[in-house]
Every structure is written in C-alpha cells, then in structure tokens.
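Report on the structure given below.
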Amino acid sequence: MVEVFVDGEDREQAWVAQVVGEFVSRHQNINLKVHDLSGTEEQELTQRLRRIAKAFHVDSPRLPFFYSCNHVFDGVTNATVIQRRLEAIFRIDVYVRPGCSHCAAAKDFLATIRGRYPSFQIRYRDIVNDESARDRLNELIAHYQQPAASVPVFHLCNQLIVGFDNPFTTGQRLTDILTYWTFPPRNVGLSGPLPGRGLSSATKLEVAGQLGATPRFTTARLIAMGVSMAQAEADDLPLLPIPGESPPPPPSPTEDGFDEGVALPVSPLSSGHRESIDLPWWGRVSLSDWGMPLFTIFVGLVDGFNPCAMWVLLFLLAILVNLRDRLRILAVAGTFVFISGAAYFAFMAAWLNVFLFVGLFRPIQITLGLLAIAMGAIHVKDFFAFKQGISLSIPDSAKPGIYSRVHKIVTAESLWGALIGASVLAVFVNVIELLCTAGLPALYSQILTQQNYSAITNYLYLLLYIVAYMFDDSLMVALVVVTMGKHKMQERHGRWLKLVSGLAIITLGLVLLVRPEWLM
C-alpha cells in the first residue's frame, strides 16, 4: 500500500494523487490511500501523519507526504521523481557475484516466493562485473553501518539483510519483512476503466477524509483526473503499521533511504552465512564464527612465524646481547621490529590497492590461488629438502651484506647511529625477503577486498594483521632483554616454520581456487 497525505485545496497536490494513481495502475496488487488533510477528519489524519513522521525522525513533514513499505518522502511534486521513488520502494535489490553458492540458493528461494508478493520487482546486481553495483553496495554498507557484507546482500523495505543461510532462517526473515509491510489484496467494488486514461480497473484507491462532501477534493474531481476510485468504507483497507507502534520485524527507521543518490538511513543489523575453511593442525576456521578480527589475528600470527625475518632478528639479538646493555638492546631491536612492521604494512597496503583496483575478477583469484599453491609447495619442500632446488629464502649472496650492516649497528658509537642502521637493515631485509613472505599477505589482502569494507576499515584490519605479525618478534626481543640470553635459529627451526607457513598458504590457495565463497 501507498499512503499519500495531501491538502485537497492545493491543485498541485491533487494532481500528485493522479501521478500515484497512474503508478499503482501499472503495478499488480498495490493499494493507494489518499489522505485529504483539508477534510473533516483533518485532526485524526494529521495526528497519524505526525506519528509516522516522528517514527522516521522527520521533524517538519511537508505535503504531499508519501508513506509505503518502511519508506517516507515528502514535499515532492515532480512526477518523474515520484515515479522513480515509488519504483525503488517496490523493488528488492539483491547483490550477488558469480560462483557464489549462497547467491544461487537465494535466487532459488526468491523464485519460490515471487508469486506471493507480485507488487515487488526483484533485481539482481553483479558486484564483480558491474562497478556501479559494487559502488552502490559500498554506499549501502556505510549508511546502514554494517561491519561486513558478504554476498548475497538484500536491500528491501528500507533494510539491509546480509548473507543467506537457508529458507528456514534468512528466508523466513525476508518473508517476515515482506509480510509485515503487505497484506493480501482484497476484492472491493471498483469503477470500470476510464476511457482515454489507460488506467486498469485493478487499481485500488481509497480517499480518506470527506470524499464528495467538499468541492476541494471530490470523487468527481479525482475521476476526472483519471484515477479509478474504490467505492468502499475507510477501514475496508487497513492502514500501514507505524514503526514503534506495531510489533517487529522492522527496526527503527529514518527518512528516505531507498533511492540511489539519496542519503541512506542507518538501520538493520543482519546475519551472515556460516561457512568455514580448514587450516592445518588447527581445524575449521570460520569468518562467521570467529569474525574478521580473530581471523586476521590468526593469519597474522601464522605469517609472523617467518624464518626469513626471524633469522635476521635472532642474529641481530645474538650480537647485541654482548653489549650487556638492556636499554640499547631494546632500543635497537625494537626499532628493527617496528620498521619491519611498517615496511610490511606498506607492502600489504600495496597488495590491497591492487586488488581494489582490479576488482573481484575470477581470473585474478585463479592466478593468485595457483601462485599461492606453488609458493606453499616450495615452503613444504624446504621442510624435507632444505635449500635443495628452488627455495624462497634469503639468498646466501645477500647474507654478507646483512652481516656487515649488523656489525655496523653493534659498533656504532652513538645510539642514534645504531637506530638509523637498524631502520636501514629492516627495510633492506624486507625488500630481499619479498618472495619469502609474499604468499599469506597477498591471500589475506585479496580476502579483505571481498568483504566490501570502507577504506578506513581495510587499513585498520591491515594494522591489526601487522600487530599479530610482529607479536613473535616482539616476544623474542622481550625474552632477550629480560634473560640476556643468546638464541640462534637452527636449521630444524627453520624447517618447521617453513612447513607451517607452506601448509597455510596451500590451504588458502586451494580454497581460493575451489571454494572462494568460503572466504566471503
């Protein structure tokens, strides 16, 4: 149903009733009620208008005022704008992507209920191949304050529903919302079609107020304008519920929030799906169960046990401990860890921006998955045949340069000279070990882009990843400062770290190839 509040003395607003009447005549099973605030029921109708406006946080509602399906807009008399907004109200936008099993299940479910809600148009928008759809989804996520959005995403009745479990959970929620804002069409006495107007007798219109008793907004005038009138009592068609005065499901709404280019409301929270992935020795890891923060911490910790950077840090600490100066050890080693983290953050930010630029194209996912599997296999190979054949480790040719830089750091006369040397060493090590560390950061960055977060949220997750990544290095520095003991990485330690890292990279690479929707 569409409720329109007008002033019957205003000819322009009376014409608005015709515009809305023409809209409902072209759509199946939409009812229209025009509330004339200039009639004898002005006080009662004005109170209803104020209650609706208050529920939608509209301080000063303007006439004509439109209310339908958890949406309001007011003060609009342009026919094109009215038609466009009404079309958006009675449309269900579903954001999907190719290869998404949950999207396919959602489409199957919507096909089964389409006949129960014939007034709604269902529109599917592909966020992979349609940039405007992807931008619109990001706008919806921001305005509805969603922490994440994994497809499918449903935008209907001024609400955003994220994910699709099955017809009995998410499906039931969708039908509850649609049922709340609709009711079965009723057979009322209708006048026949009006010649020359193209309006069907299926149009159901009721004018509340003093119909026929005032020359300002009479039945004859509306019929002359081309609106087919239902000859029924005022309560023959029930009024729409008002949020806050009727039982759920709708959340507390705000004004507008349905038309592209119009400010969107802050509204619902929603449930995502519950898929998971298997990681070696740990078991099933689910973005839904863990949440993206815990998933980020876990992958960052796995990436942190990197034999390349850890070998350099332990070598540096083993030399620094000879100084027997805890403050100097903490300052130099801490600087090395901090600059390493900053360089790694920049490296991951570059990956993130690459994936944001190229989008979620399936060929990119396949290429990245194959590269990850190849890199992971080389790491696993090093567990069984260390440095035999291809190896993603710091090459022996680079080690003399590292030794020389470490020696200069230890023998530096001033602390500032040592800190600068540690910073240069950290950047140098991160550059030459890119092949050793590129796997998990690239995979994680690609997964992060699939979540459709805002830019600031993406970088905050990268920062959380870096904190987890640096945890083991920070722990090593703390142990050396406290115990003043020497710890060197033996070959067997490097082998095990290679195995863990390699298996994790292979697992994520396989998931990206076979079941990428698990990472959404």
Report task. Return a yes/no flag: does the stretch 384-393 have any residue that is among the β-branched types (Val, Ile, Thr), at pLDDT below 75 and in a helix (DSSP H, G or I). Result -> no
Query raised in the report: Which residues, taken from the stretch 162-173, are surrounded by fewer than 23 Cβ atoms within 10 Å (Cβ to Cβ) and touching a residue at least 40 places away in the same chain (Cβ under 8 Å)?
Result: ASP165, ASN166, PRO167, THR169, GLY171, ARG173
**Report entry** LEU512 vs. criteria modelled with pLDDT of 65 or more, buried (at least 19 other Cβ atoms within 10 Å of the Cβ) and assigned to a helix (DSSP H, G or I)
**Finding:** yes
Query - strands (runs of 3 or more DSSP E) (entirely within the stretch 56-146) containing at least 3 residues that are within 19 Å of VAL4 (Cβ to Cβ) - result: 65-68, 71-74
Report task. State whether the residues of the stretch 42-52 include one that is in contact with a strand residue (DSSP E or B) (Cβ under 7 Å, 6 or more places away or on another chain), part of a strand (DSSP E or B) and in contact (Cβ under 8 Å) with a residue 40 or more places away in the chain. Result -> no
Query raised in the report: If we scan the stretch 11-24, do we find a residue that is over 26 Å from ARG91 (Cβ atoms) and hydrophobic (A, V, I, L, M, F, W, C)?
Result: yes
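The values are calculated or read from the model by the stated rules, or taken from the named source; none is laboratory data. Predicted model only: the values in this text are computed from it and were never measured. In this analysis, Cβ positions are derived from the backbone assuming ideal geometry, glycine residues included, and neighbour counts consider all displayed protein chains.
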